[in-house]
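Report on the following structure.
The values are calculated or read from the model by the stated rules, or taken from the named source; none is laboratory data. What you are looking at is a predicted structure, and each value in this text was computed from that prediction instead of being measured. Every residue, glycine among them, receives a Cβ derived from its backbone with ideal geometry; neighbour counts consider all protein chains shown. These area figures cover heavy atoms from the full protein model, side chains too; ligands, DNA and RNA do not enter into them. Shrake-Rupley method; radii C 1.70, N 1.55, O 1.52, S 1.80 Å.
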Amino acid sequence: MSVPKSHPRYNSLMTREKIADGVTKGITSVHGLIAHGRGEAFDYLIGEKTTETAKKSIDAAASLLLLAKNPVISVNGNAAALAPKEIVQLSKIIPAKLEVNIFHIRENQRFSGHQKSKGFFSASTQRALKIKNYLIKNKAKEVLMPQKNCKIKYLDSNRKFVNKNGIFKADVVFVPLEDGDRTEALIKNGKKVIAIDLNPMSRTAKKATITIVDNIIRAVPLLINTIKQFRKYNKTKLKKIIKNYGNKKVLKESISLISSLYKQ
Ligand code: PTJ
């Protein structure tokens, strides 16, 4: 689709194009389009820009990622389509491992009986592999894949399958835009979770250790810049940034901002 740069919704339309392209490539689930629409609605409500509140979360996220012993970036079909280069760049500067983890087990076509009989781990593998290859095309050196014999506790969906060298032993897991149940499970498994979610009322937003209420498109480049800057800080300074951070407060502020813009 060609969108004239002068179009008032140019950025939003180009982002839509990326997600639609992700579906065409077989990286993004068709359900990802619905998730994207929900994100767009919340982005509209926060004024389609990174708020001062989100910047506080980005500072805390940068500090936590720099202090982590085993940080892992979890990549799903939407994140891969929207910010592949940026996610790879982020993994290199932290440094953190990249691991594919997807929720929707159906490909864009319905299951064949054969796929069904193999169970949902096998059924999801094809798209997960496409995501891995797409990240490699975007200069990732290594991308971990979920393993059938390695699961986290307190989760029944396909997201329970993880890699024993990745999410399984991670102390901090970064989950850019995602459905709610896994964040809760990761926390119960003793991990700290950093989420990007435009919806400050979502379960992910509420359960995460740090929630960045912003669009992944804007938040990841800002996180990269903040990490570059914070790399010079000592541990005490990074720990202080985390100590002064309150996720509940950030979510409250984001909701207040939405209602104040609505009143104007
Ligand atoms: O590839 P899969 O199978 O793992 O599926 C990925 C999606 C995102 C489809 C899946 O995790 C899902 O269904 O998520 P939900 O439950 O729709 O939640 C997605 C959340 O991300 C919602 O709260 C949206 O508001 C938010 N969101 C959507 N687009 C963006 C976003 N947050 C930040 N940036 C976005 N661009």
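Taking the DSSP bridge list for the chain and keeping only pairs wholly inside it, about 5 percent are antiparallel. Normalised by 2.2 N^0.38 Å, with N the number of residues, the alpha-carbon radius of gyration of the range 127-229 equals 1.10. Relative intensity of the range 1-50 on a log10 scale, I(q)/I(0) at q = 0.16, 0.28, 0.29 Å⁻¹, equals -0.50, -1.07, -1.09, per a Debye sum over C-alpha point scatterers of equal strength in the absence of solvent. The Cα atoms of the chain define a convex hull whose projected area, averaged across directions, is 14.5 nm².
The share of accessible area on the chain that comes from carbon and sulfur is 55 percent, using a 1.4 angstrom probe.
Give the residue list of trypsin sites (Lys or Arg not before Pro) in the range 3-99 that are DSSP loop and have at most 13 other beta-carbon atoms within 10 angstrom.
Passing sites in the range 3-99 are Lys5, Arg9, Lys49, Lys69.
Pairwise Cα separations in the range 178-264 fall into 5 Å bins from 0 onward with the following percentages, short to long: 3, 13, 18, 21, 22, 15, 6, 2, 1. Solvent-accessible area of Glu253, all protein chains in place: 60 Å² (probe radius 1.4 Å, heavy atoms, ligands and nucleic acids excluded). Each of Ile242 and Leu129 was given a label point 7 Å from its Cα along the Cα-to-Cβ line. The distance between the two points is 3.8 nm. At the listed q of 0.10, 0.13, 0.23 Å⁻¹, the Debye profile of the range 1-100, built from one uniform point per Cα, gives log10 I(q)/I(0) equal to -0.35, -0.59, -1.27.
Among the listed pairs Lys55/Lys228; Lys139/Lys235; Lys56/Lys243; Lys160/Lys192; Lys55/Lys206; Lys207/Lys237, which are separated by more than 20 Å between their Cα atoms?
From Lys55/Lys228; Lys139/Lys235; Lys56/Lys243; Lys160/Lys192; Lys55/Lys206; Lys207/Lys237, over 20 Å: Lys139/Lys235; Lys207/Lys237.
Rounded to the nearest 20 debye, the dipole size of the chain about its Cα centre is 940 debye, using +1 on the Cβ of Lys and Arg and -1 on the Cβ of Asp and Glu. Extension gain, Met145 to Asp171, is 7.6 nm, computed as 0.36 nm per intervening residue step minus the present C-alpha separation. Each of Leu223, Leu66, Leu33 has its accessible area taken with a 1.4 Å probe; listed largest first, they run Leu33, Leu66, Leu223.
Other residues within the sphere of radius under 9 Å centred on the Cβ of Leu222, judged by their own Cβ, net out at +1 (K and R +1, D and E -1). The aspartates and glutamates within cross-link reach of Lys25, meaning a Cα-to-Cα straight distance under 17 Å and a gap of 8 or more places when in the same chain, are Glu17, Glu107.
For the pair Arg231 and Leu13, the difference between a 0.36 nm per residue extended length and the Cα-Cα distance amounts to 75.0 nm.
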